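See structure below.
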Amino acid sequence: MAAVEKRRQAVAQATSFTDSGRPGVPRTAATAESEEDFLRQVGVTEMLRAALLKVLEARPEEPIAFLAHYFENMGLRSPANGGAGEPPGQLLLQQQRLGRALWHLRLAHHSQRTAFNNNVGVAYECLSASGRKKKPGLDGRTYSELLKRICRDGEAPEEVVAPLLRKIQCRDHEAVPLAVFRAGMLTCFVLLEFVARAGALYRLLEDPGLAMADRRLGQAVLDTLEGALQASDDTAPARYLEAGSRLGPDSLALAMDRALVARRPSAPMTREEFLEKAAALFIAKVKPVG
């Protein structure tokens with residue numbers, strides 16, 4: 001038995017050497033190494049790493065569904081998928097790219113500055129991918145269409161956001177640099193949040209029986225909001241939210257008390273009017289494109 005065991009060990013040692021007499025790499029280790037090299041060479045390793053970073057960045061409630069959607073639309077970023085050049089195909093491809101860009105833009109809140117800016121860059125790349133007859137770049141028409149979709153999907157009243165769109169849109173064939181694109185995206189998202197907060201403020205003012213607010217109260221709150229915005233010299237859209245948040249309960253209560261001192265009858269102020277006037281205060285601070 002001992003002799004048989006020695007012969008087995010000798011055979012095992014012999015098979016671990018190559019023809020040149022040098023030690024060979026075990027087949028399992030060589031296979032694992034070649035598989036790892038293959039995944040790295042074809043870009044799968046980097047792709048999975050990027051996907052996992054997106055999951056950590058967005059922290060979605062359903063990570064598996066998030067990854068499925070991420071991989072489903074990955075090909076839309078590739079310039080090789082530029083479309084066949086036919087109008088129907090180009091239109092479909094453009095809608096897909098807009099949807100993909102919107103998905104990236106919503107991955108992180110605008111207050112997460114680094115993550116948001118990274119996602120803006122990815123969205124810009126999605127929309128800038130060139131087709132066979134187009135040069136890389138983003139035109140004003142695509143940029144403006146994305147702005148409209150952001151505002152529409154945000155459920156903001158059209159009459160509220162229309163003045164902002166007129167102010168930050170570009171001409172259809174105008175080239176849109178990344179800096180302008182980033183500023184436009186940020187401004188839209190901040191306005192939507194600003195309008196949402198204004199809507200919550202209006203609900204505190206409205207009479208449950210009338211479903212409308214007293215005009216004196218509404219105007220007093222708007223005047224106080226305007227004062228807070230004017231006191232902020234910063235031109236960054238996100239700072240407007242901070243200025244509005246300075247309207248503490250004490251300052252609002254004081255403004256409302258002053259408005260109610262006069263017991264004269266007052267016409268009601270509708271929610272639409274209140275939101276439109278609040279948005280106008282925000283838009284007045286926004287610098288126009290160009």
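Things worth noting here:
- Per-residue ³J(HN,Hα) for segment 114-126, Karplus 6.51 cos²θ - 1.76 cosθ + 1.60, θ = phi - 60°, Hz, x for Gly and Pro: 5, 5, 4, 5, 4, 5, 4, x, 5, 4, 4, 5, 4
- Two-site FRET efficiency, LEU67 against ASP153, from Cβ-Cβ distance with R₀ of 25 Å, rounded to 0.05: 0.65
- Rounded to the nearest Hz, the phi-derived 3J(HN,Hα) couplings of segment 45-59 under the Karplus curve 6.51 cos²θ - 1.76 cosθ + 1.60 (θ = phi - 60°) are 4, 5, 5, 5, 4, 5, 5, 5, 5, 5, 5, 5, 6, 8, 6, where x marks glycine and proline.
Here, each number is a calculation from the coordinates, and none is a lab measurement. Bear in mind the structure is a predicted one, so any value in this text is a computation, not a measurement. Note that we place each Cβ from the backbone using ideal geometry, even for glycine, and neighbour counts take in every protein chain shown.
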